[in-house]
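Structure first, commentary second.
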Amino acid sequence: MRYLILLVGLLTPSLLAQRTQVPEIRYQSVPGFLKLPPDIYLGEVAGVAVNSKGHVFVLSRGNSTGPAYGASAAQLLEFDAGGKFLREVGHNLYAWSFAHSVKVDKEDNIWVADKGSDMVIKFTPEGRVAMVFGRKQEASDEATEPLKHPKPPLPPVDGMFRQVTDMDWDSAGNTYISDGYINSRIAKVDNKGNWIKSWGGPGGQPGQFNVPHSIAVDAEDHVYVADRGNRRIQVFDSDGKFLRQIVIDVPADPNARPAIGNKPELPIAGAQTMAPGAPWAICITPPPHQVLYSSDGYPGRIYKISLDGEVLGVMGESGKQLKQFGWIHEIACPSENVLFIGELLNWRVQKLILEPGR
């Protein structure tokens, strides 16, 4: 009961109206969009991005090497606008450890966040390393091991990350980095790579995070953070001032199947990663008319949302067939009615064509 009262208290009237006024979006999935060479396979698709030419970049946990636990699992592949394979970017890169997200900036530079190495890498359009952020643990250090989650958490270190998740940019070229599973903060660096500041920390209050999992910046330089474990999207100005939050409250089918495992018991207290509406991936379409897309892990839906927080439509469900989803980990939205969906459990990218509507 306390959970329900708290949730209602966080919702604006427009968000409360979501319960009965959210239309289903009609859409199609393009069959066999990616054409992989016979000797290359995708693993879990952690990231997908599109550049100005329509080329599609896929960051997957393929090309895995090493032991069963703690293997290196990251591979970045480029495809043309028709899905034809072009090249691998960063083969055997020093930062490749455990893929998390890929994005392309307005100058067609390619950026990757690697959760395993705690690094963010900027590639030129030609695929050469231009800048690196963070530093992975040394292989020669006897203390090197998976990061722990001590309570209280260790203080963050400027310029370093702990299980980093994503990045995006404002109109001045500043980069905002979601850092991530452990530090639970947002970092800001300028267009020269200089560290400016960070904000946030673990918690559930405004400006705090429980796994900031995805990040996006709109044309007004407002920063949207998918605060997955707190089941909300927080919105900040470019200096980290909290502006508002968006809570997606669209009723789920009580018979909806999970993509894997047992159906979560609702309501969920504490970390709400598998609660309906908890944002795993967010994406904002290009201007002038911008909308936000967000996805959840259960029941496996995609939500179309106005930037002021009104849910305009919903689509999808968990499953393994086309038009179904298995843990959407990143969304690329080059236009309002074309989406590229990277899925962990189904090891694939789906290109979705939405039918124009609201």
State whether the residues of the range 131-151 include one that is closer than 19 Å to Asn230 by Cα and either open to solvent by 10 Å² or more (accessible area, probe 1.4 Å) or part of a strand (DSSP E or B) (or both). yes
Given the structure, is Ala73 at pLDDT below 95, among the small types (Gly, Ala, Ser) and more than 30 Å from Leu243 (Cα to Cα)? no
Taking Trp347, is it surrounded by fewer than 19 Cβ atoms within 10 Å (Cβ to Cβ) and in contact with a Leu (Cβ under 7 Å, 6 or more places away or on another chain)? yes
Within 21 Å of Ile182 (Cα to Cα) and aliphatic (A, V, I, L, M) - does that describe any residue in the range 240-261? no
Within the range 67-81, is even one residue touching a residue at least 60 places away in the same chain (Cβ under 8 Å) and open to solvent by less than 10 Å² (accessible area, probe 1.4 Å)? no
Output the residues belonging to the range 25-40 that are open to solvent by 100 Å² or more (accessible area, probe 1.4 Å) and without any contact (Cβ under 8 Å) to a residue 60 or more places away in the chain. Lys35, Pro38, Asp39
Considering only residues of the range 257-266 that are modelled with pLDDT of 95 or more and of a type in the set (A, V, I, L, M, F, W, C), which is nearest to Pro299 (Cα to Cα)? Ala259
Hey, among the residues in the range 194-224 that are assigned to a loop (DSSP other than H, G, I, E, B) and among the hydrophobic types (A, V, I, L, M, F, W, C), which one's surrounded by the fewest Cβ atoms within 10 Å (Cβ to Cβ)? Ala219
Every residue in the range 267-285 that is assigned to a loop (DSSP other than H, G, I, E, B), within 20 Å of Val314 (Cα to Cα) and either modelled with pLDDT under 95 or not polar (S, T, N, Q) (or both), please. Met274, Ala275, Pro276, Gly277, Ala278, Pro279, Trp280
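The values are calculated or read from the model by the stated rules, or taken from the named source; none is laboratory data. Predicted model only: the values in this text are computed from it and were never measured. Because the Cβ atoms are built from the backbone with ideal geometry, glycine has one as well, and the counts that use them run over all protein chains shown. Each accessible area value is taken on the protein alone, full model and side chains, heavy atoms only, with ligands, DNA and RNA left out. Shrake-Rupley method; radii C 1.70, N 1.55, O 1.52, S 1.80 Å.
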